[in-house]
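Okay, structure first, notes after.
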Amino acid sequence: MKDNTFRVSPDQLQDLLYKLFVKYKFTDEKARLLASVFTESTLVGVNSHGINRVPLFIEYVEKGVIRIDAEAEKLESFGSMERWDGNLGPGIINAAKCTNRAIELARLHGMGLVALRNTNHWMRGGTYGRQAAEAGCISILFTNTQANMPPWGGKDSRIGNNPLVVSIPGEQEHIVLDMAISQFAFGKINDYKLRGELLPFPGGWDEKNELSNDPEKILIKERGLPIGYWKGSALSMILDMLATVLSAGHSTYIISSKGFETGISQVYLCIYPEVFNDKELQQRLLNEIINYTHEVEPMHPGDKTYYPGERSSQVRARNLKEGIPVDRSIWQKINILSSQ
């Protein structure tokens, strides 16, 4: 199979994306933030929510689904908890703003929660987990989505793959769990489709209601497989309930009735662990857990175990040195969009 990828530097990618976003009338500040987040996601190897997602993002801008001049604003305050409205602005801009606010509340109260409604896709959720960790905060972040998985035992999609992010500040590297509640995020399934590859494990159902590892067959109806089967199905529903109730926003049911995935609900919870005044103990306990799992004998010679976010850090270091692999067809699309 012919490899359709080539490598670019982070600066090349960021410059191209900045030019594109300025062309679409984003302010200089917003264009730089968008370009930075899309580039960083691609740099750590999550092309599905980095460069590969840019053409769809621009399509949403062109159709008015994403309002370029709008951003999140506070509606209600309840001490350490707040409700915000995203006003259908860019999900990245809203997410960065609400993460910062949750950090501020956590530093003030020990814990801070921002529940956001009427926003758009935040792209790679781990971006905001790392943002919180860089500020010295633990974070628990999640979002609902349109329906793209059947509830366990059902035939049609009624629940979302509702990404969940948990981050913990680390001494050397931060711990960042970033996972969809589907076995594979749909952006990742599209990645395999672009490369003409099968998924390494079943990722959803085909038209015959059989589990499949063929991305083309899964994407026909977008019926993903929940992690842990019935357990993942239940977790998806719980996250949808929490995001919807806390933000007083739209549920997966309402989001799925629209022509586009928009108006979603999200929760940003940050904890400031320095209030405990035992930073050295916290780090020792983290290292204890990491070392205990690192030292396990692998099932297969040469394999290794990782803590959440460790492989992303390794990919980032490699891509900084060698360049970022990008799909030629996606690169060409973005060049055309930025020069039209």
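Surface exposure of the chain, expressed per residue as accessible area with a 1.4 Å probe, stands at 50 Å².
When only Cα pairs below 8 angstrom with a gap of at least 6 residues are kept, segment 13-80 shows a relative contact order of 22 percent. Sort the chain into rounded, prolate or oblate with this rule: let a ≥ b ≥ c be the square roots of the eigenvalues of the Cα gyration tensor; rounded if a/c is under 1.5, and if a/c is not under 1.5, prolate when a/b is larger than b/c, oblate otherwise. Judged from the Cα gyration tensor, the chain comes out rounded (a/c under 1.5). The share of alpha-carbon pairs in segment 31-141 lying farther apart than 20 Å comes to 41%. Other residues with beta-carbon under 11 Å from the beta-carbon of Lys74 carry, at +1 per Lys or Arg and -1 per Asp or Glu, a net charge of -1. Counting only residues at least eight positions apart within a chain, or on another chain, the lysines with an alpha carbon under 26 Å from that of Lys333 are Lys2, Lys19, Lys23, Lys25, Lys30, Lys63, Lys188, Lys193, Lys217, Lys221, Lys321. Estimated from helical segments only, the mean residue ellipticity of the chain at 222 nm is -13500 deg cm²/dmol, where each DSSP H run of four or more residues counts as -39500 (n - 2.57). Considering only Asn148, Asn319, Asn277, the mean-square fluctuation computed in a Gaussian network model of the chain, springs between alpha carbons under 10 angstrom, is largest for Asn277. Database remark: amide H of Asn213 closer than 5 angstrom to the amide H of Gly203 (H placed geometrically; neighbours at sequence offset of 5 or more, or on other chains; Pro and chain starts carry no H).
With a ≥ b ≥ c the root eigenvalues of the C-alpha gyration tensor of segment 239-340, is it rounded (a/c under 1.5), prolate (a/b larger than b/c) or oblate? Judged from the Cα gyration tensor, segment 239-340 comes out oblate (a/c at least 1.5, b/c at or above a/b). Less than 5 angstrom separates the built amide H of Leu75 from those of Arg83, Trp84, Asp85, all sequence-distant by 5 or more or on a different chain. Comparing Leu285, Leu198, Leu242 in a Gaussian network model of the chain, where Cα atoms under 10 Å apart are tied by springs, the biggest mean-square fluctuation is seen for Leu285. Comparing Gly170, Gly126, Gly64 in a Gaussian network model of the chain, where Cα atoms under 10 Å apart are tied by springs, the biggest mean-square fluctuation is seen for Gly64. Taking 19 Å as the straight-line reach from the Cα of Lys208, the aspartates and glutamates in range (excluding those fewer than 8 positions away in the same chain) are Asp156, Glu216, Glu222.
Determine the shape class of segment 137-211: with a ≥ b ≥ c the square roots of the Cα gyration tensor eigenvalues, call it rounded for a/c under 1.5, and otherwise prolate if a/b is greater than b/c, oblate otherwise. Cα axes put segment 137-211 in the oblate bin.
Ligands, DNA and RNA left out, the accessible area of the chain computed with a 1.4 Å probe is 53% carbon and sulfur.
The values are calculated or read from the model by the stated rules, or taken from the named source; none is laboratory data. Only a predicted model underlies this, so the values are computations on that prediction, with no experimental measurement involved. Quick reminder, even Gly has a Cβ in these numbers, built from the backbone with ideal geometry, and neighbours come from all protein chains shown. Just so you know, the surface numbers come from the protein's heavy atoms only, side chains and all, with ligands and any DNA or RNA stripped out. Shrake-Rupley method; radii C 1.70, N 1.55, O 1.52, S 1.80 Å.
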